[in-house]
Amino acid sequence: MQTRQKGFTLLELVIAMAIFTLLGLASWKLFDGVLRVQQGTAAHERELRSLQRAMAVIERDVMHVTEQPLLLRQNVLQLQRSNWRNPLDQPRSGRQTLTYRLDKGVLWRDSQAEGAQTVQRQRLLGNVRQLRWRVYDSGAGWSSDWASGPGIKTPMALEVLVTVGRFEAMRRVLLLPGAQR
């Protein structure tokens with residue numbers, strides 16, 4: 001009499017393990033791909049947020065720029081702004097002198113209160129490959145070199161062209177307060 005065994009043969013077990021291994025590898029590859037895309041998207045979002053924050057600071061400063069002085073030399077922009085926030089109601093001027101400059105791939109914003117000795121330095125943007133400032137005057141057109149003073153008309157607009165991270169040549173043209181009259 002022959003008895004029939006119940007269960008799986010060795011060949012059936014090897015085939016089942018091979019199928020399970022292939023499914024596991026495919027799932028791992030899919031999961032790894034999703035994680036890489038998520039990391040790339042998060043890095044892109046961080047860079048974009050950093051660029052937007054820097055441009056918002058520049059726009060806010062330009063919106064409150066005073067008519068004099070405005071200096072643009074060798075991609076260093078210096079201006080004076082008013083309406084400096086004073087939440088602690090300290091006795092001080094509402095004006096600041098601001099200097100934007102590029103140093104070793106980092107865009108810096110230096111601010112100094114009128115009459116103060118200390119300069120506050122703020123890192124606005126890193127990984128900057130190119131930065132260009134220009135001003136627009138109705139008579140002279142676009143210029144990368146400007147110094148305003150007594151008797152010199154304030155320019156109408158300021159152009160910022162920046163290449164940072166994976167963003168190529170982001171350009172923003174900002175109207176200066178004198179142009180809105």
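The values are calculated or read from the model by the stated rules, or taken from the named source; none is laboratory data. Keep in mind that what you see is a predicted model, and the values were worked out from it rather than measured. Cβ placement follows ideal geometry from the backbone for every residue including glycine, while neighbour counts extend to all protein chains displayed.
For this structure, a couple of remarks:
- Leading residue by the ranking (farthest from residue 109 (Cα to Cα)) among those in the stretch 5-59 that are part of a helix (DSSP H, G or I) and polar (S, T, N, Q): 21
- Selected residue (only one of 134, 129 is surrounded by 15 or more Cβ atoms within 10 Å (Cβ to Cβ), under 18 Å from residue 74 (Cα atoms) and of a type in the set (D, E, K, R)): 134
- Restricting 93, 82, 27 to those that are touching a Lys or Arg at 6+ places or on another chain (Cβ under 6 Å) and either surrounded by 10 or more Cβ atoms within 10 Å (Cβ to Cβ) or modelled with pLDDT under 95 (or both) reduces the list to 82.
- In the set 60, 49, only one residue is closer than 30 Å to residue 171 by Cβ, surrounded by 11 or more Cβ atoms within 10 Å (Cβ to Cβ) and of a type in the set (Lys, Arg); that residue is 60.
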